[in-house]
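The values are calculated or read from the model by the stated rules, or taken from the named source; none is laboratory data. None of these values were measured; they are calculated from a predicted model. With ideal geometry, Cβ positions are generated from the backbone for all residues, glycine too; neighbour counts draw on all protein chains shown. The protein model used for the area step is the full one, side chains on, heavy atoms only, and it has no ligands, DNA or RNA in it. Shrake-Rupley method; radii C 1.70, N 1.55, O 1.52, S 1.80 Å.
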Amino acid sequence: MQAVVQDRYGSPDRLRLRDVPRPEVGDDEVLVRVRATSVHPDVWHVVSGRPVVLRMMGSGLRRPKYPVPGTDLAGVVEAVGSTVTRFRPGDEVFGESLRGFSWRNGGAFAEYAAAPEEGLARKPATVTFEQAAAVPTAGYILLLNLPANRVRPGARLLVNGAAGGVGALAVQLAKARGAHVTGVDHTRKLDLVRALGADEVLDYTRDDFTRRDERYDLVVDIPGNHPFAACRRVLTPDGRYVLIGHDHYGRVGRRWLGSLPRFGRLAVLSLFVRNLRRSGSRAPSKREAMETLRAHLEAGDLTPVIDRTYPLSQAGAAIRYLADGDPVGRVVLTA
Ligand SMILES: NC(=O)c1ccc[n+]([C@@H]2O[C@H](COP(=O)([O-])OP(=O)(O)OC[C@H]3O[C@@H](n4cnc5c(N)ncnc54)[C@H](OP(=O)(O)O)[C@@H]3O)[C@@H](O)[C@H]2O)c1
């Protein structure tokens, strides 16, 4: 089969399409004929090898241990392992090729990819392969971090970075659950944020949300461009703050550790500050998260917006466009 191959960390321009063997399928895995796969910030992290600490977290110290990038996929089941019960050849599925939460190449930038059964769900007929492929990793990180019991009818939410991969899903999910949503993003993206359903939009080039008089039950902060102390000002006394974190393709965050020190500080602070506590809601398993995303896609609550699609052979150009081209919506590869 053909797959995008990464020999070393660095520029995405080094990525090449090559002939490689089809992946073998483990007992609990599904072999998927990939039709679409998404390009997202974590793909950039592993291709560039930055922050350097990720190389020590399973990605490969000197060079990528797993040579084929990509984690999100949508496609058609080709074969299943011996213990797989939920899928069979011919099913249309979408999901993540990585197990649990890890920071490494996942093999999705290929004609065929193996994915654990728990990371897949059936693709609703109402969404395209491209749309479905835009959802898994961003959706999983969102659902892992979202205190679900805070997203309820009448709750007031602010999503900072509302037009991005994670933010767009946060806005739509919160609206589907009856919350009042304020979305913050760049001037160019505010029409999209309105179209996603946000009740109010703020332009981060003009408004500093941390200086407004509004108070929120939940702030979902993707770019993390304000210190927590400033964000806390706009929380209700029992409100919650969730940082997703974004290194802005190496422009922010440290070369070696990225945003990890900031997450560490918040984790320590959460022992003392209730606005940082999870507030009793359990984090979903990946299977549960994928089923939640499937249900929202099927119900029409989530409509992924695609900015551009590229063929697999132009994976490098697609990653470059993600990092430097200011896309409005998701960037997707088709295989
Ligand atoms: N997407 C995924 O599948 C995924 C999966 C796992 C983890 N993550 C992590 O989650 C983080 C977010 O990913 P993402 O896909 O949502 O990124 P994204 O698509 O780049 O979205 C970030 C959004 O924040 C906006 N933004 C930048 N600076 C801002 C500011 N000062 N105030 C308000 N908004 C600002 C960006 O707009 P501009 O055009 O102005 O920059 C962009 O619309 C990344 O760090 C990534 O590692 C993402």
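So for segment 53-118, Kirkwood radius off the Cα pairs, Stokes-Einstein at 10 °C and 1.306 mPa s: how many µm² s⁻¹? Show your work: numbers first, answer last.
Details: Rh = 12.8 Å.
The diffusion coefficient I find is 124 µm²/s.
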query: Expressed as a whole number of Å, what is the distance separating the alpha-carbon centroids of segment 7-24 and segment 206-247?
result: 39 Å
query: How long is the chain along each principal axis, judged by its Cα atoms, biggest number first, in Å?
result: 58, 41, 38
- request: Summarise the long-distance tail of P(r) for segment 90-142 by giving the % of C-alpha pairs beyond 16 Å.
  value: 39 percent
task: Can you give me the P(r) profile for segment 237-335? Cα pairs, bins 10 angstrom wide beginning at 0, each as a whole percent.
output: 12, 24, 35, 25, 4, 0
message: Suppose every Lys and Arg Cβ carries +1 and every Asp and Glu Cβ carries -1, with no other charges. What dipole size does segment 174-312 come out with about its Cα centre, to the nearest 20 debye?
response: 680 debye
- request: Based on the mean of other Cβ atoms within 10 Å per residue, sort peptides 23-32, 68-77 so the most packed one is first.
  value: 68-77, 23-32
- prompt: Using +1 on the beta carbon of Lys and Arg, -1 on that of Asp and Glu, and nothing else charged, what's the dipole of segment 1-153 about the Cα centre, debye to 20?
  reply: 560 debye
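Per DSSP H run of n ≥ 4, the term is -39500 (n - 2.57); total these for the chain, divide by its residue number, and report the mean residue ellipticity at 222 nm rounded to 500 deg cm²/dmol.
-6500 deg cm²/dmol
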message: What whole-number volume per residue, in cubic angstrom, does the convex hull of the C-alpha atoms of segment 12-145 give?
response: 113 Å³
task: Throw me the Rg/Rh for segment 199-250, computed over C-alpha atoms with Kirkwood Rh, two decimals.
output: 0.96
message: Connecting C-alpha atoms closer than 10 Å in a GNM of the chain, tell me which of His296, His226, His186 has the biggest fluctuation.
response: His226
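About the Cα centre of the chain, what is the dipole size in debye to 20, counting +1 per Lys and Arg Cβ and -1 per Asp and Glu Cβ, all else neutral? Mind dumping the intermediate values first?
Details: 48 positive and 37 negative charges, 233 e Å.
It comes to approximately 1120 debye.
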message: I want to check a number: in the chain, how many lysine pairs have alpha carbons closer than 25 Å, given a sequence separation of 8 or more or different chains?
response: 5
- prompt: Which Rg and Dmax, in Å, describe the Cα atoms of segment 67-209?
  reply: 17.3, 56
task: Taking the Cβ of Ser270 as the centre, find all other residues whose Cβ is under 9 Å away and add up their charges (Lys, Arg: +1; Asp, Glu: -1).
output: +3
query: Pick from Gly90, Gly164, Gly107: which is most flexible by mean-square fluctuation in a GNM of the chain where alpha carbon atoms under 10 Å apart are linked?
result: Gly90
message: Antiparallel versus total DSSP beta bridges in the chain: what percent is that, nearest 5?
response: 55 percent
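Going highest first, how would you order 213-222, 33-42 by mean Cβ packing within 10 Å?
Going from most to least packed, we get 33-42, 213-222.
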Mean accessible surface per residue for segment 243-335, computed with a 1.4 Å probe while every protein chain stays in place, in Å²: 51 Å²
query: Farthest toward the dipole's positive end in segment 151-237, which of Phe228, Phe209, Ala162, given Cβ charges of +1 (Lys, Arg) and -1 (Asp, Glu) about the Cα centre?
result: Phe228
task: Please pull out the direction-averaged projected area of segment 191-293, using the convex hull of its alpha-carbon atoms, in nm² to one decimal place.
output: 8.6 nm²
- request: Grab every C-alpha pair in segment 80-119, bin the distances at 5 angstrom width from 0 up to the longest one, and report whole percents.
  value: 5, 21, 31, 26, 12, 5
message: Charges on Cβ only, +1 for Lys and Arg, -1 for Asp and Glu, centred on the Cα centroid of segment 11-97; of Phe94, Val52, Ser82, which one is farthest towards the dipole's positive end?
response: Val52
- prompt: In what sequence, highest mean first, do 328-335, 261-268 appear when ranked by Cβ atoms within 10 angstrom?
  reply: 328-335, 261-268
task: Among Ala335, Ser285, Ala299, pick out the residue whose Cα is farthest towards the positive end of the charge dipole of segment 221-335, where Lys and Arg carry +1 and Asp and Glu carry -1 on C-beta, about the Cα centre.
output: Ser285
Coordinate range along principal axes, alpha carbons of segment 112-183, Å, largest first: 42, 22, 21
